[in-house]
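Quick note: the coordinates plus some simple rules give every number you see, no bench work behind them. Keep in mind that this is a model prediction, so the values were computed, not measured. Neighbour counts run over all protein chains shown; Cβ positions are idealised from the backbone, glycine included.
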Amino acid sequence: MLRIAIFVSGGGSNLQNIIDDIQSGDLKDVKIARVVASKTGTLAEQRAIKHRIPVSIFVNSDSSDTEALLAQLAEDQTDMIVLAGYLQKINHEIIRAFPDKIINIHPALLPKHGGVGMYGIRPHEAVLAAGEQTTGATVHTVNEEYDKGKILLQKEVKVFSDDTAESLQTRVMLEAERVILPQVIQEFALAKKVGTAPFAAGL
Ligand code: GAR
């Protein structure tokens, strides 16, 4: 069983997808051991509470916060961290504690339209401003540099001439994020089960 902690900041639709896939049996050998929210009162937090998943609020303000969080994650026997719409930078201590075991979903085809400030609706605005004909989503590992980890999986989505940033955001979530984040988590779970590295030589 792969025990994951899912970090969230907002709507939690990616969190909900993972909950749904575990419940339907589409995602096997995975348990959400904890949801970590960057603030209280988010829809993502409500989704976790509804499904009786333990929630921690992590404001990342000082090192004692980080120590307490890492102790909690160790107690939960956390295998990996999934950033699903988590809009704070992950600090060095957490990255060091989970080397190659933190993944993020980004709503564009990295290395394009990533980096500091590129979150939520902004990558979609940037895609339209650049006149791209395709966009999509990327799952990548998290290292010290924003959106610069190893790319694990991407899925493309077509941009239509009448798209707005909002319509694009909705389609990227449904057609790309919905598919690739559970797929990557499944790969990690399978790798743990058979005792190999996920993504073969990659990690
Ligand atoms: C998602 O579109 C995710 O890709 C994006 O935030 C949204 C969160 O939605 N993440 C980033 O922009 C990270 N740079 P959700 O809370 O409903 O899953």
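Quick notes
- Beta bridges by DSSP in the chain, antiparallel share as percent, to the nearest 5: 40
- A dipole drawn for the chain from +1 and -1 charges on Cβ atoms has a positive end, and of 110, 191, 6 the residue lying farthest that way is 191.
- Nearest-0.05 FRET efficiency for residue 183 and residue 93, computed from C-beta distance (R0 22 Å): 0.15
- Protection proxy ranking for 86-97, 146-157, using the average of other Cβ atoms within 10 Å per residue and placing the highest first: 146-157, 86-97.
- Subtracting the Cα-Cα distance of residue 167 and residue 190 from their residue separation scaled by 0.36 nm leaves 4.9 nm.
- Counting only residues at least eight positions apart within a chain, or on another chain, the lysines with an alpha carbon under 16 Å from that of residue 50 are 31.
- For the chain, the fraction of alpha-carbon pairs in successive 5 Å shells from zero, as %: 1, 7, 16, 20, 21, 17, 10, 5, 1, 0, 0
- Proximal aspartates and glutamates relative to residue 89, as straight alpha-carbon distance under 17 Å, when same-chain residues fewer than 8 apart are discounted: 62, 65, 67, 100, 144, 145, 147
- Long-range lysine pairs (8 or more apart or interchain), the stretch 116-203, Cα under 24 Å: 4
- Label-zone membership for the stretch 168-187, site residue 29, 7 angstrom Cα→C-beta point, backbone N under 17 Å: 182-187
- Normalising the average separation of contacting C-alpha pairs (under 8 angstrom, six or more residues apart) by the number of residues puts the relative contact order of the chain at 20 percent.
- Full extension of the segment from residue 49 to residue 68, taken as 0.36 nm per residue of separation minus the current Cα-Cα distance, would add 4.8 nm.
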